[in-house]
Amino acid sequence: MDERGVVEALVSDDGRVVFLGSSDEALAYRDKDTKVIDLRGYYVLPGLIDAHLHLAGLGFSLDWINLRGVRSIEEMKARIRQESQDKELILCRGWDQELFAERRFPTRHDLDEAMKDKPVIAFRICGHLAVLNTKALELIGLRRILEGPYKEYFERDEKGNLNGIVKEKGLSLVHEAIRGDEEYYLSAIRRACIEAAKHGITMVHAMSCTLEELKAIVTLRSRGELPIRVRAYLSYDVFKTIENIERLRAMNDDMFKVCGIKVIADGSLGARTAYLSEPYHDEPSTRGELLISKEELGEIMDRALDTNMQVAIHAIGDGAVEMVLEVFEDRKEEVTRLRHRIEHASVLNEDVVELLRTVKPVVVVQPHFIISDWWIVRRLGQRRARLAYPFKTLMRHCVVAFSSDAPVEPVNPWVSIEAAVTRGMDIGIELGKLTAHERLSLEEALRCYTTGSSYACSEERRAGVLREGGYADFVVVDKNPLNTSKVKVLATFVNGNKVYEARPGVVEAIQA
């Protein structure tokens, strides 16, 4: 399958596609060094591109205790006890209080009951909130917490004592406390890349890159050990501390590029820190929080313009999206040329839709949020939920790219494609019934994971499409992906080289 439709054969050489067409014509390229592969009815499509994930975070999470799907605090404690025996620092991720029988956030007292003698840090599924036991609070340092600049992000109980819950900017102290050495990051990046390739992903946009993560990616690239393409978006803290950004970007090549800067404007819906234009329906005392002002964002964009860097801004609530679009509106030419991005845009309103129509940024969304945020109608109310995860609406006005936000959601793109196509209607998701008009076709969803995502990093002529002169990045699957998202990835190729196969010999040369 190429940009013209379906073809019989593909020829690659030196990492690029050199021919697409009939089998007979393709065989004319054969010489003594040629490998010929007969797929015997399997299907080939362009390599998929995850336009927003956290590469090191994904790698770390694969080695952490997985709390996704846990149904109660008691079950959470039992899993921590069961899986932490051989660990000195216990790291967990994936819990969602909306699933808990107790209908509340866990606290340090709960985690102390699970594990009293070792630090336990358990990140919520969204990554914008965590709960720590007493030992973990001591690991960070009680004085740093109580007297530092982020003390307001550490919650207290009714007696004024720390309850172990920390959110947003306070998490920087948590991440600092658990930061590992170089090998820790190298191993995480390797694991994450292999996991992505297993699902047919040949390029990722690595968001909020820390200095340690960036160094690990560059090291793997210099060793020739980077199996898939990485496009890095630096955290703003890293961007403003690098003295010579052009020297860093001079290292760009086809496998690794520094594309831009990641900025965070608000939080998450699950933690009720996403900034809404009106209060939360299920918690009228708050509308979330803006983590940056219009003035600060404008200054960041001006600095990015000086270095010709793309800006990718996390904005989930409609209040945050509107603020970002107002800043973009004053810089429309720059937004178009550099393809500035809004990450998530989970909740819109009619005024925001009008601004999108005018400004036309790239919008990067995560379809699987529809499934994970099954409670969103309760959180927003029916009126506002009608413009939650509005992919069809977004596609009418902007280029839309798909992603997982892994480890927040599964890195597997096929479950995201399924979510975009069904909107969870087949499993009773209330939002799906309310917003059936926002469903996408399989072809639309695939394009968002291919050309949409390559456009988001200005590589739509080389990546996410099979065309002569483009990257020889492709995926072999067992079924026609235009008919079903329930496919099995048999093999993944980057630069014409096999980087993953489901089993040895599943895709083998039959003739030399």
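The values are calculated or read from the model by the stated rules, or taken from the named source; none is laboratory data. Keep in mind that this is a model prediction, so the values were computed, not measured. Glycine also receives a Cβ, built like all others from the backbone with ideal geometry; neighbour counts cover every protein chain displayed.
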Which condition breaks for ILE90 when tested against (1) surrounded by fewer than 19 Cβ atoms within 10 Å (Cβ to Cβ); (2) at pLDDT 95 or above? (1)
For the stretch 190-206, what are the residues that are buried (at least 24 other Cβ atoms within 10 Å of the Cβ) and among the β-branched types (Val, Ile, Thr)? ILE201, THR202, VAL204
When restricted to LEU62, LEU67, LEU27, LEU20, the only residue free of Cβ contacts under 8 Å to residues at least 40 places away in the same chain and surrounded by 13 or more Cβ atoms within 10 Å (Cβ to Cβ) is LEU27
Filtering helices (runs of 4 or more DSSP H) wholly in the stretch 284-368 for at least 1 residues that are in contact with a strand residue (DSSP E or B) (Cβ under 7 Å, 6 or more places away or on another chain), free of Cβ contacts under 8 Å to residues at least 60 places away in the same chain and surrounded by fewer than 20 Cβ atoms within 10 Å (Cβ to Cβ) gives none
For the stretch 205-253, which positions are of a type in the set (Ser, Thr, Tyr) and free of Cβ contacts under 8 Å to residues at least 40 places away in the same chain? THR219, SER222, SER235, THR241
Condition first: in contact with a Lys or Arg (Cβ under 8 Å, 6 or more places away or on another chain), closer than 21 Å to ALA463 by Cα and in a helix (DSSP H, G or I). Now tell me which residues in the stretch 394-452 satisfy that. TRP414
Which one of these is outside the structural domain of THR107 (by TED's automatic domain parsing), over 19 Å from GLY470 (Cα atoms), aliphatic (A, V, I, L, M) and under 26 Å from the mean Cα position of the chain (by Cα): VAL36, VAL70? VAL70
Within the stretch 140-152, is there a residue that is under 29 Å from the mean Cα position of the chain (by Cα), at pLDDT 95 or above and not in a helix (DSSP H, G or I)? no
Counting only strands (runs of 3 or more DSSP E) wholly inside the stretch 1-75, the ones holding at least 1 residues that are of a type outside the set (Gly, Ala, Ser) and touching a Ser or Thr at 6+ places or on another chain (Cβ under 6 Å) are 43-46, 48-53
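Each row is one residue, and each column tells you yes or no for (1) in contact with a strand residue (DSSP E or B) (Cβ under 6 Å, 6 or more places away or on another chain); (2) at pLDDT below 95; (3) of a type in the set (Gly, Ala, Ser); (4) crowded, with 24+ Cβ neighbours inside 10 Å.
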{"residue": "GLY424", "(1), (2), (3), (4)": "no, no, yes, no"}
{"residue": "GLU443", "(1), (2), (3), (4)": "no, no, no, no"}
{"residue": "ALA456", "(1), (2), (3), (4)": "yes, no, yes, yes"}
{"residue": "GLY464", "(1), (2), (3), (4)": "yes, no, yes, yes"}
{"residue": "GLY496", "(1), (2), (3), (4)": "yes, yes, yes, no"}
Of those in the stretch 154-183 that are more than 23 Å from LYS118 (Cα to Cα) and touching a helix residue (DSSP H, G or I) at 6+ places or on another chain (Cβ under 8 Å), the residue surrounded by the most Cβ atoms within 10 Å (Cβ to Cβ) is GLU168
